[in-house]
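The values are calculated or read from the model by the stated rules, or taken from the named source; none is laboratory data. Note that this is a predicted model, so its numbers are computed, not measured. When we count neighbours, we look across all protein chains shown, and the Cβ atoms used for this are built from the backbone with ideal geometry, even at glycine. The protein model used for the area step is the full one, side chains on, heavy atoms only, and it has no ligands, DNA or RNA in it. Shrake-Rupley method; radii C 1.70, N 1.55, O 1.52, S 1.80 Å.
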Amino acid sequence: MRRCALIAILLGVPRVGAALTVEPNPIRIAATFHGLSLRVSGAAAPGTQVFVSISGAALPELFNRKGRLGPLWANVGSVTVSGAPHLFLIAGITPAATLPRALVDANRLDLEATVKQASLAPAGADDELLRREYRRLKESWGAYRSFERAIRVEQGSYRGELFWPDGAPPGTYRVEAVHLREGEVVRRETAVLQVELVGLPGWIAHLAFERSAIYGAMSVVIALAVGFLMGLVFKKGGGH
Amino acid sequence: MHLFLPIAAKSINILIPFGLGGLVGFLSGMFGVGGGFLMTPLLMLVGIPPTVAAASDSCQIAAASASGTFAHARMGNVDYKLGGLMLVGGIGGGAVGVQVIKLLRQMGNADFLIMVTYVVVLGLIGAYMFVESLSTLRGRVHSEAARRPSRAGRILAALPLQTSFPKSGIRHSIFVPIALCALVGILAAIMGVGGGFIMIPAMVYLLRMPMHVAVGTDLFQILFTATGVTFMQASVNHTVDFILAIVLGLGSTLGAQLGARVAKRLRGEQLRIILSGIVLLVCVKMVYGLVATPTLLLSPKGGH
C-alpha cells in the first residue's frame, strides 16, 4: 500500500481525498506572458462526472448598445450587465448538453447557465437577445470559454487542462469542482486562484495607478524623446 | 515576440503595433494628420480596449508629431507664428466642444449625431479637395477668375489686426487663425478625434497656405494638443498603456520621417488628391459602418 502511494506521488496522481489543486497558482504575468495552460486536479470517486469552473468577480459592466435608427445602425443607449462573472472558464468530463438542463442551470455548468444569471439595466423585452450578445462578446475576447471533455476521471482522481487567456485582469478568481453522480451533485469543492502582475508590467501598472502624475509626465517625456531622437537619427542618416 | 501590455491587459505580437504605428506615422508625416481616425479602430481590431486604444494613440501621436515637426522644421515648413495662434484657438475650441458634447449626450442620440456629422463633414471636404486638386493637376486654375479674391477673402481682408505670416506667404487678421482653429477644435472635440482632416483643408483653402507649410504647421500644433491629452489620459484616466505607446511610437516616428520625405517629393496638388482619396475612403467606410448589420450589438463603453 505504501509502495502504491509512493508511485502515485511520483506520477503526480492526486491521493484519494486530495483537495482541488490548480497549477500554476498564482499565475504571474511577466513581460512576455501570453496566456498559459492551467492544470486542475483532485480526488474523485469512480463513476463520478466532474466539472471544474473558474470565475471572476461579478462586477457591473457598462456597454454601448447598437440599434436601428431608420436605415442606419448606431449606438442607441447603454446597458449595464451585472451578476455575471467577468471571466468564466469551464471544463467538463462530458458536454453539458448531455445533462438535464435544470441540473446545468442550477450548478452553472455551461456558458448559457452563467449568462442566465446576468441582470440587465435598463431591463427590456430583448434581454435574452442582449444576454446572448454579452456571451458572444465575452467569447470573442476569450473571457468565456467551455472546454468539453477536458477532464478525465481515473484511478480515484480527476485532472484536466484549461487555457488561461492573456486578457484576464489580475485579481482573485474562484475555482469550483462539481462532482455529479446519477444526475445529482455529490460533492462540491472550491479553491482560490490568484493572478498577479510581476516584473515590468507590475511596475508600470503600479506607477499608472499609484503614481499617476509621474506616469503621465513619463509617458509624455518618453513619447517626445522617441520622436525627437528618431528625427535626429534620420538627420544624421543624411536626410534632406 | 509577444509583449504583455499591462494597462490594456493583453498580450500582443510586437510586430503588430510596430507595423500599425509605421503605417499611421507615414500618413502623419505625409499629410500632417494625427491619424487618430485610423489608429484607434485598428488597435480595437487587434483586441485593445477602446479607452486604452484612444489614450495610447494620443501618446503615439505626440511621438509621431514630434518626429514629423522636427522633419518639417528642418525643411522650413513650420510657420511658428501662425501655429502659435492656431494653438490658442484650438485649445479654446476644444474646451467649448467638450461642453457641447456633454449637452448632446444629455439630449440623447449624441453618438448618432456625431457619426452623421462626421460623415457629412468628411464627405464634403474630401469631395471638394478631390475636385479642386484634380482641376489643378489638369491646369485649370490659372484663369483670371480663379486668381480674383473671393467675397470671403475680401471679408477676411477687412478684419482688424492684420498681420503678415512670411513663412506661409499670407496676410490675415490674427483673429482668422484663432477663430478657424476654435471652430475646428469644437468640431474635433464633438467628433472625438483630432482635427487634422479638417484643419489641413481649412489652412489650404481658407487661409491660402501652401500645402507643405500647412502640413508642417499643423503637426507643430498637434504636438502640443497630443502632449496635453496624453498627460491627462495617463494621469487622470490611467488609460495610457506605456509599452503599447512606445512600440507604436517607434513605428510611427519611423513612418513619419519616411512620410515627410515622400511628401517633399510630391507637389501640393498631388498630396491633396491623395489625402482627399483617403478622406473619401474613410467616409465610405463610416457609411458602411452605419448601414451594415453589426456583428455584435454590444460594445464596451468608452473610447472614441
Would you calculate, for chain A, the mean residue ellipticity at 222 nm contributed by helices, counting each DSSP H stretch of 4 or more residues as -39,500 (n - 2.57) and dividing by all residues, to the nearest 500? -10000 deg cm²/dmol
As a test of reading the structure, rank A:SER157, B:SER164 by solvent-accessible area (1.4 Å probe, protein chains only), most first. B:SER164, A:SER157
Could you look at the protein assembly as shown and say what percent of its accessible area is carbon and sulfur, using a 1.4 Å probe and all protein chains? 64
According to the square roots a ≥ b ≥ c of the eigenvalues of the Cα gyration tensor, what is the shape class of chain B, taking rounded for a/c under 1.5, prolate for a/b larger than b/c otherwise, and oblate for the remainder? prolate
Report D for region A:51-138 in µm² per second (integer): Stokes-Einstein, Kirkwood Rh on Cα pairs, 4 °C, 1.567 mPa s. 91
Taking amide H positions as placed in the peptide plane 1.01 Å from N, state which residues far from A:ILE27 in sequence (5 or more) or on other chains have amide H under 5 Å from it. A:GLN194, A:VAL195, A:GLU196
Degrees between helix B:242-265 axis and first principal axis of chain B (Cα, 0 to 90, nearest 10): 30
Per DSSP H run of at least 4 residues, take -39500 (n - 2.57); add these up for chain B, divide by its residues and hand me the 222 nm value, nearest 500 deg cm²/dmol. -24000 deg cm²/dmol
FRET efficiency estimate (nearest 0.05) - Cβ-Cβ, B:TYR80 to A:LEU229, R0 22 angstrom: 0.50
Once the whole set of protein chains is in place, how much accessible area is left on A:TRP203, using a 1.4 Å probe, in Å² to the nearest 10? 130
In whole Å, what three semi-axes, largest first, describe the equivalent ellipsoid of chain A built from its Cα gyration tensor (square root of 5 times each eigenvalue)? 41, 30, 15
Keeping all protein chains in the complex and leaving out DNA, RNA and ligands, what accessible area do you get for B:LEU290 with a 1.4 Å probe, in Å² to the nearest 10? 10
Whole-number accessible area per residue in Å² for the protein assembly as shown, which is evaluated in the context of all protein chains at 1.4 Å: 45
What is the angle, in °, between the Cα long axis of helix A:212-236 and the longest principal axis of the Cα atoms in chain A? Nearest 10 is fine, range 0 to 90. 60
Report the convex hull volume per residue for region A:172-223, counting only C-alpha atoms, in Å³. 110
Whenever you get a sec, line up B:ARG272, A:ARG174, B:ARG171 from highest to lowest accessible area (probe 1.4 Å, protein heavy atoms). B:ARG171, A:ARG174, B:ARG272
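Ordering A:VAL50, B:VAL100 from largest to smallest accessible area (1.4 angstrom probe), what's the sequence?
The most accessible residue leads, giving B:VAL100, A:VAL50.
Set the Förster radius R0 to 60 Å, insert the Cβ-Cβ distance between B:LEU124 and A:ARG39 as r into 1/(1 + (r/R0)^6), and round the FRET efficiency to 0.05.
0.50
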Using +1 at the Cβ of each Lys and Arg and -1 at the Cβ of each Asp and Glu in the protein assembly as shown, identify which of A:THR21, B:VAL282, A:VAL81 lies farthest towards the dipole's positive end. B:VAL282
Compute the relative contact order of region A:18-196 as a whole-number percentage, counting only Cα pairs closer than 8 Å that sit 6 or more residues apart in sequence. 33
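For the protein assembly as shown, what mean projected area does the convex hull of the alpha carbons give, in nm²?
30.2
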What net charge is computed for the residues neighbouring B:PRO50, neighbours being all others with C-beta under 11 Å from the C-beta of B:PRO50, Lys and Arg scored +1, Asp and Glu -1? 0
Can you give me the solvent accessible area of B:LYS285 with a 1.4 Å probe, rounded to the nearest 10 Å²? 130
Once R0 is set to 41 Å, what does the formula 1/(1 + (r/R0)^6) return for the Cβ-Cβ distance between B:ILE91 and A:ALA30, expressed as a FRET efficiency to the nearest 0.05? 0.50
Using a simple spin-label model with points 7 Å from Cα along the Cα→Cβ vector, what separation in nm is obtained for B:TYR205 and A:VAL76? 3.5
Measuring from label point to label point, each 7 Å out along Cα→Cβ, what is the A:ARG188 to A:GLN155 span in nm? 3.1
Protein heavy-atom accessible area occluded, A/B pair - total, 1.4 Å probe, Å²: 5100
For chain B: relative contact order, % (alpha-carbon pairs under 8 angstrom, 6 or more apart): 42
Just need the relative contact order of region A:108-240 here, percent rounded to a whole number, with Cα pairs under 8 Å and 6+ apart. 12
Mind putting a number on the dipole of chain B about its Cα centre? Charges go on the C-beta only, +1 for Lys and Arg and -1 for Asp and Glu, and I need it in Debye to the nearest 20. 840
Might you report the magnitude of the Cβ-based charge dipole of chain A about its Cα centre, with Lys and Arg at +1 and Asp and Glu at -1, to the nearest 20 debye? 440
